[in-house]
Amino acid sequence: MADIQESKESLQESLQQVITLLNKHKLVEDLLHKQEMPKQELVQTLVHRQNLAELQKKLDALHPADVAYILEALPLEQRLDVWDLVKAERDGEILLEVSDAVRQTLIADMDSDELLAAAEQLDTDELADLAPDLPKDVLQELLESLDSRNRERLQSALGYQDDAVGALMDFDIVTIREDITLEVALRYLRRIGSLPDHTDKLFVVDRNDILQGVLPLKRMVVNDLDSGVAEIMADDAVVFHPEDKADEAAKAFERYDLVTAPVVDENNRLVGRLTVDTVMDYIREEAESDMLSMAGLREEEDIFSSVWKSVQNRWTWLAINLVTAFVASRVIGLFEGSIEKIVALAALMPIVAGIGGNSGNQTTTMIVRGLALGQISTYNTKSMLIKECGVGLLNGLIWGSVLGVIAYWLYGNISLGLVMTAAMTLNLLLAAVMGVMIPLIMATRFNRDPAVGSSVLITAVTDSGGFFIFLGLATIFLL
């Protein structure tokens, strides 16, 4: 069995092979196009088909997730060339695997018939993931092509927010009644022939699909076949509702080591299930979104997207950065006279601001994580603030003293060293306070994702604050 490192190396090797085949194909076509020979069109057609057949054979041997990785790693023109070679029956699976940004480029290259054919290969819960990216006319045709039950399921799933359990739930479930024996239940499973992926339990319902409990498969194996389902089943299963927040469900999956869990409506009627693979995908997408948000990006970006689209995605926080940088420059401008008299201030002030920004970002990251895990609320905010201020004070005294000694050693001015120590301590205290308050205010007062732009704001505050504190103390005590 291949380990993770071997799998990664194999994926990189596959990508390189596809790129090599694409380059070879282009080179041969260019050479044939430049040469004149008898039956040139026929020769070009045969060579073209041979090259494409080799590339298609390579793609057919890859898992849909690996094909998706290759598509994401190719520039747009080559991406579409590879996409044209993918077998039509695999289109739907691969569209689900690629990132949202790349999916849009692939869908734009497909006509309505191709999109319908790709969508018809998918289950209802998979269609719910793909449907928001489909053109409205294609989505309408798709809904009309479904039977009434699946149409109702798809419309229901599309009616929930992306961060709700209802948008993630799976409709492929196996149910049994509580008034049968384990032997009857096993015969029923054998008659089905196969179980849905990630099935670790059966859902026990009554005639009206009201959930009564769950029957873990391991209990079926170790108990006597004459035992009744009602005796063996667990009636205290973790249950979700379609309106529940997906991040809360993800925490429950981690806390209780769940593989699957039932989803019920307000009447306790079973409407679907939540699976660990879907939860893991959601956690990964949220982590990627938070990472992009902390860098000031509004959405996931195709690395080969157009220049203009990338500019549109990045300009907002760059504009905010420009404003904050201008504010910092004006703070420095207030102390131009002091800098002219003590040139060493110009060399030392970026250190105070930089260390403060780094410390503030550390604090912000901890607070954002605590908010995401539900560990921080109004009752412990004060304790968290006091603790982070203590960390900032101690770090400020330690590293401020180190920098103070270095400043004295470089410039032979003990007063400058003391100012450096005091400024570093005060700026780290400011960073601690702002590192706690900025994400908390964004989450509680403005109901915004605390990860969005927090690092940009904390850096702006510590830069301006660091310059003001250091240059202000230097002006008071050195001049």
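The values are calculated or read from the model by the stated rules, or taken from the named source; none is laboratory data. Being a predicted model, the structure only gives us computed values, none of them experimental. When we count neighbours, we look across all protein chains shown, and the Cβ atoms used for this are built from the backbone with ideal geometry, even at glycine. Surface accessibility is based on the protein's heavy atoms, side chains included, excluding ligands, DNA and RNA. Shrake-Rupley method; radii C 1.70, N 1.55, O 1.52, S 1.80 Å.
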Test LEU202 against the criterion of being crowded, with 17+ Cβ neighbours inside 10 Å and touching a Lys or Arg at 6+ places or on another chain (Cβ under 8 Å), and give yes or no.
no
Among the helices (runs of 4 or more DSSP H) lying completely within segment 212-257, list those that include at least 2 residues that are exposed (fewer than 12 other Cβ atoms within 10 Å of the Cβ) and without any contact (Cβ under 8 Å) to a residue 24 or more places away in the chain.
217-222, 246-256
Scan LEU80, LEU139, LEU96, LEU115 and give me the residue that is free of Cβ contacts under 8 Å to residues at least 60 places away in the same chain, of a type in the set (A, V, I, L, M, F, W, C) and more than 27 Å from LEU52 (Cα to Cα).
LEU139
Test result for VAL436, open to solvent by less than 10 Å² (accessible area, probe 1.4 Å), over 13 Å from ILE355 (Cβ atoms) and assigned to a helix (DSSP H, G or I):
yes
Residues of segment 99-120 satisfying the condition of being more than 23 Å from the chain's Cα centre (by Cα) and not in a loop (DSSP other than H, G, I, E, B):
ALA108, SER112, ASP113, GLU114, LEU115, LEU116, ALA117, ALA118, ALA119
Would you confirm, using the coordinates I've provided, whether ASP123 is under 24 Å from the mean Cα position of the chain (by Cα) and open to solvent by 50 Å² or more (accessible area, probe 1.4 Å)?
yes
Which one of these is open to solvent by 30 Å² or more (accessible area, probe 1.4 Å) and in contact with a Gly (Cβ under 8 Å, 6 or more places away or on another chain): VAL391, VAL402, VAL461, VAL456?
VAL461
Restricting to segment 152-191, what's the tally of residues that are open to solvent by less than 70 Å² (accessible area, probe 1.4 Å), part of a helix (DSSP H, G or I), farther than 20 Å from ALA250 by Cα and modelled with pLDDT of 90 or more?
5
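Results for (1) under 31 Å from the mean Cα position of the chain (by Cα); (2) more than 27 Å from GLY472 (Cα to Cα), shown as yes or no for each residue.
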residue: TRP315; (1), (2): yes, yes
residue: VAL327; (1), (2): no, no
residue: GLN362; (1), (2): yes, no
residue: VAL368; (1), (2): yes, yes
residue: LEU371; (1), (2): yes, yes
residue: GLY374; (1), (2): yes, yes
residue: THR378; (1), (2): yes, yes
residue: ILE386; (1), (2): no, no
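Kindly provide the set of residues from segment 313-371 that are hydroxyl-bearing (Ser, Thr, Tyr) and at pLDDT below 90, ordered by number. Even if it seems obvious, please write down each step before you answer.
Filtering segment 313-371 down to residues hydroxyl-bearing (Ser, Thr, Tyr) leaves 316, 324, 329, 338, 359, 363-365.
Within segment 313-371, THR316, THR324, SER329, SER338, THR364, THR365 meet the criteria.
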Of the residues that sit in segment 371-402 and are in a loop (DSSP other than H, G, I, E, B) and polar (S, T, N, Q), which one is farthest from LEU430 (Cα to Cα)?
GLN375
The condition from (1) open to solvent by less than 10 Å² (accessible area, probe 1.4 Å); (2) at positive phi that ASN447 misses is numbered (1)
Considering only residues that are within 17 Å of LEU211 (Cα to Cα) and touching a residue at least 60 places away in the same chain (Cβ under 8 Å), look in segment 173-198 and name the one that is nearest to the chain's Cα centre (by Cα).
ILE173
Given (1) open to solvent by 50 Å² or more (accessible area, probe 1.4 Å); (2) free of Cβ contacts under 8 Å to residues at least 60 places away in the same chain; (3) closer than 21 Å to ASP247 by Cβ, where does LEU373 come up short, assuming only one miss?
(2)
Evaluate segment 274-287: report whether one residue or more is surrounded by 14 or more Cβ atoms within 10 Å (Cβ to Cβ) and at pLDDT below 75.
no
